[in-house]
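Please treat every number below as a calculation from the coordinates, not as lab data. Predicted, not measured: the structure shown is a model, and the values here were computed from it. All Cβ positions, glycine included, derive from the backbone under ideal geometry; neighbour counts span all protein chains shown.
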Amino acid sequence: MSTAAAELQTTPYELLGGNEAAVRRIVDAFYDLMESAPEARELRAMHAADLGPMRDRLTWFLSGWLGGPALYNERTGGGVCMTSAHRPFAIDDLARDQWMWCMRGALDAAGAPAGVRAMVEPAFERITGFLRNR
């Protein structure tokens, strides 16, 4: 197999380091930004005071979503319906934009390679656009 073909078969999870700790670095940077940056004030207000459980759940979800182990399913006993999970929250353009701003900053902070960013950022934009309900 050529190098180019091998790269096409490599998952973002593997390119980020191939372990849960690498995904957790992104998630922690994401929530650290959300907690501290005035640019994410409205997004932060949608979340519980204790972000610990959300840090875990997003790490588990992203692990599988990025092509690694399906930790969310393993640790919660089932899949997640993104629409149902987010339905109670008023997700408008501002919330979507703040989420993307935090995720881009988290990818920066975690040193995500440009190739990974090129794969995941458009997908994140599609998902956050789909979850918009206001």
Quick one: order TRP101, TRP60 by neighbouring beta-carbon count within 10 Å, fewest to most.
TRP101, TRP60
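Only four residue types carry charge here, +1 at the Cβ of Lys and Arg and -1 at the Cβ of Asp and Glu. Report the dipole size of the chain about the Cα centre in Debye, rounded to the nearest 20. Intermediate values should be presented prior to the final figure.
Numbers: 14 positive and 17 negative charges, 61 e Å.
About 300 debye.
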Phi to ³J(HN,Hα) by Karplus 6.51 cos²θ - 1.76 cosθ + 1.60 over the range 25-41, Hz, x for Gly, Pro
4, 5, 4, 4, 5, 4, 6, 4, 5, 4, 6, 9, 8, x, 5, 10, 4
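For the range 3-131, what does the relative contact order come out to in percent, with C-alpha contacts under 8 Å and a separation of six or more?
Details: 109 pairs, mean separation 44.5, N = 129.
Value for the range 3-131: 34 percent.
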At q = 0.25 1/Å the base-10 log of I(q)/I(0) from the Debye formula over the alpha-carbon atoms of the range 35-108 is -1.36
Angle, helix 114-131 long axis vs. longest principal axis of the chain, Cα atoms, 0 to 90°, nearest 10?
40
For the chain, taking Cα atoms only, what is the radius of gyration to one decimal and the Dmax to the nearest whole Å?
15.0, 49
I need the phi-derived Karplus couplings for the range 46-57: 6.51 cos²θ - 1.76 cosθ + 1.60, θ = phi - 60°, integer Hz, Gly and Pro marked x.
7, 9, 5, 4, 8, 8, x, x, 5, 4, 5, 5
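Neighbouring Cβ atoms within 10 Å as the yardstick, rank PHE124, PHE61 fewest first. Let's see the in-between values first.
Working: PHE124 17, PHE61 21.
Fewest-to-most ranking of PHE124, PHE61: PHE124, PHE61.
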Residues of the range 40-65 with amide N under 20 Å of a point placed 7 Å along Cα→Cβ from ALA109:
40-63
Give me LEU16, LEU51 ranked fewest to most by other Cβ atoms within 10 Å of their Cβ, as a rough exposure proxy.
LEU51, LEU16
From phi via Karplus (6.51, -1.76, 1.60), per-residue ³J(HN,Hα) for the range 86-94 in Hz, x at Gly/Pro:
9, 4, x, 9, 7, 9, 10, 4, 5
